[in-house]
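Chemist: Sharing a structure below in structure tokens format, with a few things to ask.
All of the numbers you see were taken from the coordinates with simple rules; none came from a lab. Everything quoted here is computed from the prediction, not taken from an experiment. In this analysis, Cβ positions are derived from the backbone assuming ideal geometry, glycine residues included, and neighbour counts consider all displayed protein chains.
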Amino acid sequence: MKRVLKNKQALAGLILIFIVSLTAIFAQQLAPNDPYRQNIYNRYESPQGLGGEFILGTDNLGRCVLSRIIMGTRASLYVGLVAVSISFVTGVILGLIAGYVGGRIDEIIMRLMDLILAFPAILLAIFIVAVLGPSLFNAMLAIAIVRVPQLARVTRGQVLALKEEDFVLAAKALGAGHLRILFKHILINSFAPLLVIISLGMGLAIVTEAALSFLGLGTQPPDISWGRMLSTARAALRTAPHVATYTGIAIVLTTLGFNLLGDGLRDVFDPRLK
């Protein structure tokens with residue numbers, strides 16, 4: 001942790017993530033207005049600054065843009081955490097099995113991962129949600145599926161590199177079981193590159209969810225998400241660009257925080273960069 005905090009990129013990423021996380025936790029307290037309250041007479045109000053009622057203006061239904069951006073942090077972080085958690089557990093287990101068992105099982109798992117990687121991630125996610133039906137859960141599931149191959153391949157590579165190391169052979173000689181060797185000796189020593197992938201994966205999950213919601217395949221009304229806000233704002237990009245602009249800034253800053261943290265973790269854990 002000391003090394004992470006000394007890294008400027010990682011520290012900047014942690015600060016951004018901390019701010020976004022606090023915003024999501026205390027969204028109801030921080031929102032200056034009711035994010036669901038509509039007033040057609042206030043539609044597309046320009047940003048009024050800190051002293052005004054609508055600091056960042058209003059959208060097509062007269063709803064406070066700032067309040068909706070604040071509430072939208074919950075959906076974005078929720079999708080990122082759930083999708084990355086599902087992909088992490090699935091990918092790590094598949095990678096451990098493929099690398100440790102080897103043989104035909106390794107071939108089957110890796111060819112399945114290659115099949116998933118053969119499709120562009122966003123197109124595969126759109127296809128999965130289109131088949132299962134548009135909803136937030138299906139969007140999270142689709143995002144998790146497209147992220148599994150990278151985690152599985154990295155985990156498999158780590159297992160192949162570590163399973164012949166002396167400390168693993170010593171554990172086998174002492175009678176340690178396969179599960180103990182996999183989780184206590186191999187997985188723990190493989191965690192550094194996996195942490196980097198998780199951090200970068202959070203940013204990608206947030207962007208992918210925004211893209212799916214923008215297309216109407218993710219978060220459904222009346223729930224608030226940044227992608228839905230961008231979708232409704234595209235009709236007024238010329239007359240009221242503030243709605244899309246500030247929503248896009250929120251997505252960029254959140255994704256930037258996770259990317260900076262991921263790059264910082266890579267610098268900290270990679271001995272070639274020291």
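Chemist: Does residue 73 satisfy being assigned to a helix (DSSP H, G or I), within 21 Å of residue 241 (Cα to Cα) and among the polar types (S, T, N, Q)? First the steps, then the outcome.
Modeler: Working: assigned to a helix (DSSP H, G or I): yes; within 21 Å of residue 241 (Cα to Cα): yes; among the polar types (S, T, N, Q): yes.
So residue 73 fits the description; yes.
Chemist: Determine, yes or no, whether residue 232 is among the β-branched types (Val, Ile, Thr), out of contact with any Gly (no Cβ under 6 Å at 6 or more places or on another chain), closer than 15 Å to residue 66 by Cβ and surrounded by fewer than 22 Cβ atoms within 10 Å (Cβ to Cβ).
Modeler: Working: among the β-branched types (Val, Ile, Thr): yes; out of contact with any Gly (no Cβ under 6 Å at 6 or more places or on another chain): yes; closer than 15 Å to residue 66 by Cβ: no; surrounded by fewer than 22 Cβ atoms within 10 Å (Cβ to Cβ): yes.
No; evaluated as a whole, the condition is false for this residue.
Chemist: Can you tell me which of 29, 38, 9 is in a helix (DSSP H, G or I) and surrounded by fewer than 16 Cβ atoms within 10 Å (Cβ to Cβ)?
Modeler: 29
Chemist: In the stretch 103-126, which residues are assigned to a helix (DSSP H, G or I) and loosely packed, with under 14 Cβ neighbours inside 10 Å? Quick ask: steps written out before the conclusion?
Modeler: From the stretch 103-126, those assigned to a helix (DSSP H, G or I) are 103-117, 121-126; that's our starting set.
103, 104, 105, 107, 108, 111, 114, 115, 123 - these are the residues of the stretch 103-126 that are assigned to a helix (DSSP H, G or I) and loosely packed, with under 14 Cβ neighbours inside 10 Å.
Chemist: Ok, one more. Report whether or not residue 243 is among the hydrophobic types (A, V, I, L, M, F, W, C), touching an Asp or Glu at 6+ places or on another chain (Cβ under 6 Å) and touching a residue at least 12 places away in the same chain (Cβ under 8 Å). Step through it out loud before you land on a result.
Modeler: On the way: among the hydrophobic types (A, V, I, L, M, F, W, C): yes; touching an Asp or Glu at 6+ places or on another chain (Cβ under 6 Å): yes; touching a residue at least 12 places away in the same chain (Cβ under 8 Å): yes.
Yes, satisfied.
Chemist: Quick test for you: out of 228, 180, 234, 238, pick the one residue that is of a type outside the set (Gly, Ala, Ser) and in a loop (DSSP other than H, G, I, E, B).
Modeler: Working: 228 fails: in a loop (DSSP other than H, G, I, E, B); 180 fails: in a loop (DSSP other than H, G, I, E, B); 234 fails: in a loop (DSSP other than H, G, I, E, B).
Just one listed residue meets the conditions, 238.
Chemist: Another question, then. Scan the stretch 52-61 and give yes if some residue there is under 28 Å from residue 200 (Cβ atoms) and either among the aliphatic types (A, V, I, L, M) or in contact with a His (Cβ under 6 Å, 6 or more places away or on another chain) (or both), otherwise no.
Modeler: Step one: of the stretch 52-61, the residues under 28 Å from residue 200 (Cβ atoms) are none.
Within the stretch 52-61 (the criterion being under 28 Å from residue 200 (Cβ atoms) and either among the aliphatic types (A, V, I, L, M) or in contact with a His (Cβ under 6 Å, 6 or more places away or on another chain) (or both)), the answer is no, since none of the residues qualifies.
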